[in-house]
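Some notes on the structure that comes next.
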Amino acid sequence: SCAAAPGFDAGPADAGPPARPVAALSPYERLLPAPASVRMAGAGYRFGAATVIRASGTSEEVRRVGELLAEQLRRSSGLRLPVVDAQTGDGVRLRLDAAAPGLGAEGYRLETRADGVTLTARTPAGLFHAGQTLRQLLPVRGTGTVPGGTVTDAPRFAYRGAMIDVARHYFTVEQVKRYVDQLAQYKVNTLHVHLTDDQGWRLESASWPRLAEYGGGSEVGGGPGGHWTKDEYRDLVAYAGERYVDVVPEIDMPGHVNAALASYAELNCDGKARERYTGTKVGFSSLCVGKERTYEFIDDVLGELAELTPGRYLHIGGDEAHSTPAADYAAFMDRAQEVVGRHGKTVVAWHQLAAARPAPGAVLQYWGHGGTPAKEKEHLAEVAGAGHRLILSPADRLYLDMKYDTTTKPGLAWAGYVPVKRSYDWDPGTFLPGVPEPAVLGVEAPLWTETIGTRADWDFMAFPRMLGLAELGWSPAAKRDWAGYSRRLAAQGPRLAAQDIAFYRAPDVPWP
Ligand code: TNX
């Protein structure tokens with residue numbers, strides 16, 4: 001087969017006709033996301049009892065990347081895989097090379113020969129991604145030989161994100177960490193956490209303690225809800241950070257705030273606290289735009305959040321503010337954006353911000369769909385023309401809470417059904433008229449949880465569509481191809497199963 005021919009570029013786009021059985025794909029052809037380039041050549045490296053991970057003694061961080069990779073490989077292979085400092089000798093070698101050409105901030109090179117596998121990157125993040133590629137080149141269980149060859153790889157988009165809504169249904173930090181591990185192995189680098197909504201406020205606040213204590217005690221359907229302490233949140237951020245996943249926290253405003261209005265009477269225009277809410281309607285709550293106390297509130301809350309956030313972004317929502325008049329909305333968003341800037345962060349907001357006055361540098365997250373009015377899309381082209389960058393989360397492509405088809409039990413269908421193919425088969429670089437690829441910061445798949453309250457339903461809705469998001473965000477445009485992708489995805493099935501992910505066995509994918 002061509003995959004075995006030395007020196008032949010066996011990248012996934014060249015993997016042969018769609019009929020080729022998944023079981024016949026070489027490990028390089030199974031890689032997901034598809035790497036920018038693969039050259040198969042020479043003898044491979046056999047992992048065995050003597051294999052060591054060589055992480056440079058010069059960088060603590062590289063050592064940590066090596067330790068984490070060793071831990072992951074130990075779990076699947078059962079090998080000892082000690083992490084050692086020495087750079088010369090057989091085994092897996094992690095090398096930082098600030099001058100390595102063409103790799104950018106997250107790219108890497110992975111070279112396999114008979115004496116070992118060398119991972120090279122300009123940054124520890126690049127080495128981490130290289131390690132995730134190496135995991136996929138080894139068997140799901142047990143040990144094996146990585147075939148000889150070189151992968152040279154770098155992402156298409158800087159922002160490759162997933163969002164989890166912990167407000168409609170409460171989920172523990174432990175469960176979200178599990179998602180971080182699942183995402184990071186496919187090179188997703190951002191976790192957007194929707195922390196607040198009408199149904200619950202999920203993060204402890206020192207200045208407004210009732211938000212979490214009272215406003216956290218509800219969720220859709222009347223369950224007990226819950227909230228994270230600051231320490232738990234810090235722990236999540238650190239855990240994600242070690243896997244090169246940035247956390248983008250969202251406090252949604254000026255709408256989606258019933259939990260806050262229930263916790264503090266003074267936040268309401270009429271001075272009366274609202275009832276807690278456990279339904280699924282949207283667009284009925286608003287902060288009191290004319291009250292100065294409102295701005296002290298967002299300053300306190302966003303200030304505390306900025307302090308907990310090492311990443312550059314704070315997400316301030318701004319969607320579905322149907323109970324806030326347009327002029328009030330614009331005035332409010334002016335002040336909210338100023339607060340974020342003053343706390344040293346960059347604004348992200350849902351694309352409704354385009355109808356107000358996006359602050360310089362603000363990033364807009366598009367969540368429209370086929371039925372979104374052309375006017376609204378034109379606004380986005382204008383905003384992109386003015387220098388704002390967009391994150392694309394089209395609801396009829398990337399909303400993980402949309403049902404796959406009529407038979408899907410959890411989920412919604414307001415943006416239509418989103419089968420696995422539909423979710424992958426579009427090009428973020430040309431998707432919005434008048435929004436050229438450089439204006440696209442990246443892609444994100446949100447998981448809203450009005451109908452999702454269990455780990456099983458979360459797994460089922462997110463997987464396998466999440467892998468499509470990962471490939472859209474990472475792989476070069478020229479490698480985007482459903483026939484090839486569906487086979488790469490099929491080849492990941494046993495990996496997902498081994499990780500106990502209850503994924504949807506979509507009928508349009510040739511699972512082995
Ligand atoms: C729209 S997307 C919303 C959310 C819902 C979601 C359900 C967006 C910015 N707002 O409030 O949870 O649809 O699919």
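The values are calculated or read from the model by the stated rules, or taken from the named source; none is laboratory data. Values in this document were obtained by computation on a predicted structure and should not be read as measured data. When we count neighbours, we look across all protein chains shown, and the Cβ atoms used for this are built from the backbone with ideal geometry, even at glycine.
Brief remarks follow.
- Test result for G453, more than 16 Å from the ligand (Cβ to nearest atom) and touching a residue at least 40 places away in the same chain (Cβ under 8 Å): no
- Residue in segment 386-415 that is nearest to the chain's Cα centre (by Cα), counting only those that are surrounded by fewer than 17 Cβ atoms within 10 Å (Cβ to Cβ) and more than 9 Å from the ligand (Cβ to nearest atom): A413
- Scanning segment 315-364 for residues that are among the polar types (S, T, N, Q), within 15 Å of the ligand (Cβ to nearest atom) and without any contact (Cβ under 8 Å) to a residue 60 or more places away in the chain yields a count of 1.
- Count - residues of segment 326-358 that are farther than 30 Å from S423 by Cβ, part of a helix (DSSP H, G or I) and either of a type in the set (S, T, N, Q) or in contact with a Lys or Arg (Cβ under 8 Å, 6 or more places away or on another chain) (or both): 4
- Count - residues of segment 295-332 that are of a type in the set (S, T, N, Q) and under 19 Å from the mean Cα position of the chain (by Cα): 1
- Considering (1) farther than 26 Å from A362 by Cα; (2) small (G, A, S); (3) surrounded by 20 or more Cβ atoms within 10 Å (Cβ to Cβ), the lone condition that G453 does not fulfil carries the number (3).
- Hey, W448 modelled with pLDDT of 95 or more and either more than 16 Å from the ligand (Cβ to nearest atom) or outside the structural domain of K377 (by TED's automatic domain parsing) (or both) or not: no
- Boolean, D9 is at pLDDT 95 or above and among the charged types (D, E, K, R): no
- The single condition from (1) of a type in the set (A, V, I, L, M, F, W, C); (2) without any contact (Cβ under 8 Å) to a residue 24 or more places away in the chain; (3) within 18 Å of G429 (Cβ to Cβ) that A497 fails is (3).
- Strands (runs of 3 or more DSSP E) contained entirely in segment 143-223, each with at least 1 residues that are touching a residue at least 12 places away in the same chain (Cβ under 8 Å) and more than 15 Å from the chain's Cα centre (by Cα): 149-153
- Set K281, K272: member being within 17 Å of A167 (Cβ to Cβ) and either within 27 Å of the chain's Cα centre (by Cα) or free of Cβ contacts under 8 Å to residues at least 24 places away in the same chain (or both): K281
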